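K.L.:
Structure provided below as structure tokens; questions to follow.
Please treat every number below as a calculation from the coordinates, not as lab data. For clarity, every value in this text was computed on a predicted model and none was experimentally measured. So basically every Cβ, Gly included, is an ideal-geometry build from the backbone, and we count neighbours across all protein chains shown.
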Amino acid sequence: MTKPRQPVITILTAPGEAEPPGTDAIRARAEVRQAWDEDSLRQTLPGTDIMMVTDFRTEALAAAWPAADRLRWIHATSAGVDALMFPALIDSDVVVTNARGIFDRTIAEYVLCTILMFAKDFPGSLRLQQAHRWQHRDTERAEGQRVLVVGAGSIGRQIGRLVRAIGLEAHGIARNARATDPDFAAVHGNDQLFDQLAIADFVVIAAPLTPQTQGLFDQKAFAAMKPGARLINIGRGPIVNTQDLIKALDAGQIAGAALDVFEEEPVPSDHPLWDREDVIMTAHMAGDFIGWKRALTDQFLKNLDGWQHDGTLFNRVDKALGYAGSH
């Protein structure tokens, strides 16, 4: 009996990045190749059945696409797949899956942390500690405040679930409104965004980057927000117009922002956001936990089980919409 041909899997990493932890487990079931840029990808793509993309910012795949002669499935080890959604891939029969579910809980923990940091003024306390100043002051109660999660997908659901557990009122924004939802007091349609911005104490961006969300938070959106509200962005940087955000903060239209993602990454050292006392900044790390890289490989292996067994795959991305599942 002829032994079934092993699939060929190309892992596309960032230049200089080592292969993902757990690759040996993949290699035991497939021929594994590694690429890191357009040139190496042009060499490895011919004959490749599956791609595992760990560099979610890459443009190499679009450039090397003509070399893909047998590609059937691309797995992105990230929740966002916007960098992969180039026209030739969208129009092809290649299935795209993503890492939905891996980072949901840790991102929700980050959001809860930043909400509490704002409510209890931890940035102010840290500045006072560094200055060796004892200054008593009153802070806010988080309980009862209204959180609007823009993007009620799997990450948004975890955020809603976690903030409700401590007494915050969670509302969502999604393509389709839902009067009842297990994780939100209510989910409102996209057409209700500005109405909901006007009454939210905390606005959390958990939406994917699509043509519809790019630049969504601009001068008009900030003007619609409740005075004193805070913005938290754990979605994608280009959803927020940074210059309009700075103007809104300067004008007192909103009281603060916690940003894990930015239009330009890494943020230049001379960027005005660094020195703002009303801004909390982190380096695109809200979802990253100790062991996350191996968890991504394990998720890919689980999907590979289904693909090799009967061709089934979970976390399939709707390539027209640019994300997996319903939002």
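K.L.:
Which aspartates and glutamates does Lys319 reach when only Cα atoms under 17 Å apart count, and residues fewer than 8 places away in its own chain are ignored?
P.N.:
Filter leaves Glu59, Asp82, Asp91, Asp93.
K.L.:
Now for a separate question. Cα gyration tensor of the range 146-302, axes a ≥ b ≥ c as square roots of the eigenvalues: rounded (a/c below 1.5), prolate (a/b > b/c) or oblate?
P.N.:
Verdict is oblate for the range 146-302.
K.L.:
Ranked highest first by the average count of other Cβ atoms within 10 Å around their residues, in what order do 89-99, 273-283 fall?
P.N.:
In decreasing order of mean packing, 89-99, 273-283 become 89-99, 273-283.
K.L.:
Something else now. Report, by chain and number, residues whose modeled amide H sits under 5 Å from the one on Gln34, excluding near sequence neighbours (fewer than 5 apart, same chain).
P.N.:
Ile11
K.L.:
Moving on to the next point. Which order do peptides 27-34, 147-154, 103-110, 234-241 fall in by mean Cβ count within 10 Å, highest first? Could you put the intermediate results ahead of the total?
P.N.:
Values: 27-34: 15.5, 147-154: 26.0, 103-110: 20.9, 234-241: 22.6.
Put in order of decreasing packing, that is 147-154, 234-241, 103-110, 27-34.
K.L.:
For Arg100, what charge total do you get from the other residues with a beta carbon under 13 Å from its beta carbon, if Lys and Arg give +1 and Asp and Glu give -1?
P.N.:
After counting each charged neighbour, the total is +2.
K.L.:
Another question, then. Given the rule -39500 (n - 2.57) for each run of at least 4 DSSP H residues, summed and divided by the residues of the chain, what is its mean residue ellipticity at 222 nm, to the nearest 500 deg cm²/dmol? Before the final figure, lay out the partial values.
P.N.:
On the way: 11 runs with 96 residues, N = 327.
Value at 222 nm, helices only, nearest 500: -8000 deg cm²/dmol.
K.L.:
Would you list, by chain and number, the lysines whose Cα falls below 24 Å from the Cα of Lys293, excluding same-chain residues fewer than 8 positions away?
P.N.:
Straight-line reach from Lys293, under 24 Å: Lys302.
K.L.:
Going by the alpha-carbon gyration tensor, a ≥ b ≥ c the square roots of its eigenvalues, is the chain rounded (a/c under 1.5) or, if a/c is not under 1.5, prolate (a/b greater than b/c) versus oblate?
P.N.:
prolate
K.L.:
Taking every DSSP beta bridge that has both residues in the range 104-281, what percent is antiparallel when rounded to the nearest 5?
P.N.:
Working: 1 of 26 bridges.
If I count the DSSP bridges inside the range 104-281, around 5 percent turn out antiparallel.
K.L.:
Check which residues have an amide H placed less than 5 Å from Ile232's amide H, if you skip close sequence neighbours.
P.N.:
Placed amide hydrogens put Val203, Val204, Ile205, Ala258 under 5 Å from Ile232.
K.L.:
Looking at the square roots a ≥ b ≥ c of the eigenvalues of the Cα gyration tensor of the range 14-85, which shape do they give, rounded for a/c under 1.5, prolate if a/b is larger than b/c, or oblate?
P.N.:
Because its axes are fairly even, with a/c under 1.5, the range 14-85 counts as rounded.
K.L.:
Something else: What list of ³J(HN,Hα) couplings, whole Hz, do you get for the range 319-324 from phi and the Karplus terms 6.51, -1.76, 1.60, once you set θ to phi - 60° and write x for glycine and proline?
P.N.:
5, 5, 8, x, 7, 9
K.L.:
Continuing with this model, one more query. Please state the relative contact order of the range 104-281 as a whole percent: Cα pairs under 8 Å, 6+ residues apart?
P.N.:
So the answer I get is 17 percent.
K.L.:
Return a whole-number percent for the relative contact order of the range 15-125, with Cα pairs under 8 Å and 6 or more residues apart as the contact set.
P.N.:
After rounding, I find 20 percent.
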